[in-house]
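Peer 1: Here's a structure for you.
Rule-based calculations on the coordinates, nothing more; no lab input. A quick note: this is a predicted structure, and the numbers were derived from the prediction, not measured. Glycine gets a Cβ as well: all are built from the backbone with ideal geometry, and neighbour counts include every protein chain shown.
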Amino acid sequence: MSIRTTISLIKCDVGSLAGHHIVPQPLFKIAERNLQKASEDGLINSYYVFNVGDDLELLMVHTKGETNPEIHKLAWDTFKEAANKALELKLYGAGQDLLKTAFSGNIRGIGPGVAEMEIEERGSDPIVVFGADKTSAGAFNFPLFRIFADPMNTAGLVIDPNMAGGFKFEVMDTVKNKKVVLKCPEEMYELIALIGTVQRYMISRVWRARDNLICASGSVTRLSQIAGKYVGKDDPVMIVRAQHGLPAVGEILAPFMHSYLVEGWMRGSHWGPIMPVGLKDSKCTLFDGPPRMVALGLQVTNGEIAKDDEGKPMMADLFDDPAFELARREALENAAMLRRMGEFEPARLGPDEMEYTTIGQILEKLRERFKPA
Ligand SMILES: [Mg+2]
């Protein structure tokens, strides 16, 4: 009998230590305690709590399916409790992503970021989960394209007959709140036409075309569109499935050999170079960055994360590796180049994105002083 297992990765910035830098230990403890209790109660089977910069990330593996109200409530209550602790400690941005006060069954669209994937377990199911800080879901467009559509990145597209037929991409138009599915390789150029506009079109799901096997699922939200103003970037999460007719873990990580530019960074208002890092460097410092990305590898086994002899979930900290030194070095070089430009575009985002920031107040102050030219 096949097992249907759900991986839920739900994240929230509930407050951080010294500005927008890192999730402090008391908030971690609350998350650990609540998820431990939920696993003892049988609601979830496995969990792993980590942070990407100032975002508290709850990875939960269970058999309740996607968008399950009990799972979402567990995450919401945990973030609420952690936010209250952050408030008590006067941590920075306490509860900043909790945009609504009441929970009504689904955590999506009320602040926290959600990536979920229900799978029918294969003989072996390697999973890579990604989290990024100081950027948005559009930051995954470029690597997802390379992983699932670019034969120069993914050898399997060329030499693995199980990948023949390519992959289908669901793309969200975050301005009009609509989605479209495009198939590669046939519609590769159309796909790039959309997802090259990373601030608006974002890949939310990927399936293997020949059998609709789910292979990637991401959090796509625009908090500014929910709140109507700048409330922090929608620091994204993504779940990717690997191997056996899907891209290998190494092909999933290959796009991160080099840094590339993403929107976000300081005040969510700048282009910045992505920096792949291990958990120990998962913090944002320089100009609140550079935008960091973490990748964790796990095996899903009989409805839970495969465990070690002591019963702890086994997690591979994939970017904690000298193989990504080049990307980190490039990130710093590109960071230096961009910061030399200060507040001049294209170092700073264009006017459409700046609309949601405090720059509106500056423009308003000057409005009356503008005279016909
Ligand atoms: Mg963040």
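Peer 1: Rounded to the nearest 0.05, what FRET efficiency is calculated for residue 124 and residue 81 with R0 set to 51 Å and r the Cβ-Cβ distance?
Peer 2: 0.90
Peer 1: Please compute the Kirkwood hydrodynamic radius over the chain, one decimal place, Å, based on all pairs of different Cα atoms.
Peer 2: By the Kirkwood definition, the hydrodynamic radius is 21.0 Å.
Peer 1: Just want to confirm a number: the relative contact order over the range 145-270, from Cα pairs under 8 angstrom separated by 6+ residues, in percent.
Peer 2: 24 percent
Peer 1: Subtracting the Cα-Cα distance from 0.36 nm times the residue separation, let me have the gained length for residue 326 to residue 180 in nm, one decimal.
Peer 2: That works out to 49.0 nm of additional length.
Peer 1: Rounded if a/c is under 1.5, else prolate if a/b is larger than b/c, else oblate: which is the range 92-140, with a ≥ b ≥ c the root eigenvalues of its Cα gyration tensor?
Peer 2: Oblate, since a/c reaches 1.5 and b/c is not below a/b.
Peer 1: If the cut-off is a Cα-Cα distance under 15 Å, which aspartates and glutamates reach residue 90, setting aside same-chain residues fewer than 8 apart in sequence?
Peer 2: Here the aspartates and glutamates satisfying the reach criterion relative to residue 90 are 13, 54, 81.
Peer 1: Per DSSP H run of n ≥ 4, the term is -39500 (n - 2.57); total these for the chain, divide by its residue number, and report the mean residue ellipticity at 222 nm rounded to 500 deg cm²/dmol.
Peer 2: -7500 deg cm²/dmol
Peer 1: Next up: If you take the square roots of the eigenvalues of the alpha-carbon gyration tensor of the range 139-182 and sort them as a ≥ b ≥ c, do you get rounded (a/c under 1.5), prolate (a/b over b/c) or oblate?
Peer 2: It is oblate, given that a/c is not under 1.5 and a/b is not larger than b/c.
Peer 1: Here's something else I'd like to know. Residue separation times 0.36 nm, minus the C-alpha to C-alpha distance between residue 314 and residue 333: what's the value?
Peer 2: Here the answer is 3.4 nm.
Peer 1: To continue, here is another question. Once the Cα atoms of the range 288-361 are picked out, what are the Rg and Dmax in Å?
Peer 2: Every Cα atom of the range 288-361 included, Rg and Dmax give 19.8, 57 Å.
Peer 1: Moving on to the next point. Could you tell me which of the pairs 168/283; 100/179; 280/312; 11/312; 134/365; 73/100 are separated by over 23 angstrom between their Cα atoms in the structure shown?
Peer 2: 168/283; 100/179; 134/365, as the Cα separations exceed 23 Å there.
Peer 1: While we're on this one: Report, in whole Å, the centroid distance computed from the Cα atoms of the range 189-208 and the range 281-332.
Peer 2: Comparing the Cα centres of the range 189-208 and the range 281-332, I get a distance of 25 Å.
Peer 1: What length, rounded to one decimal in nm, is gained on full extension from residue 369 through to residue 210, with 0.36 nm per residue of separation minus their alpha-carbon distance?
Peer 2: Stretched fully, the residue 369-residue 210 segment lengthens by 51.1 nm.
Peer 1: Looking at the range 40-135, which trypsin sites (Lys or Arg not before Pro) are in a loop (DSSP not H, G, I, E or B) and have at most 13 other Cβ atoms within 10 Å?
Peer 2: Passing sites in the range 40-135 are 90, 100.
Peer 1: Run through the range 280-373 and list the trypsin sites (Lys or Arg not before Pro) located in a DSSP loop whose Cβ has at most 15 other Cβ atoms within 10 Å.
Peer 2: The qualifying sites are 369.
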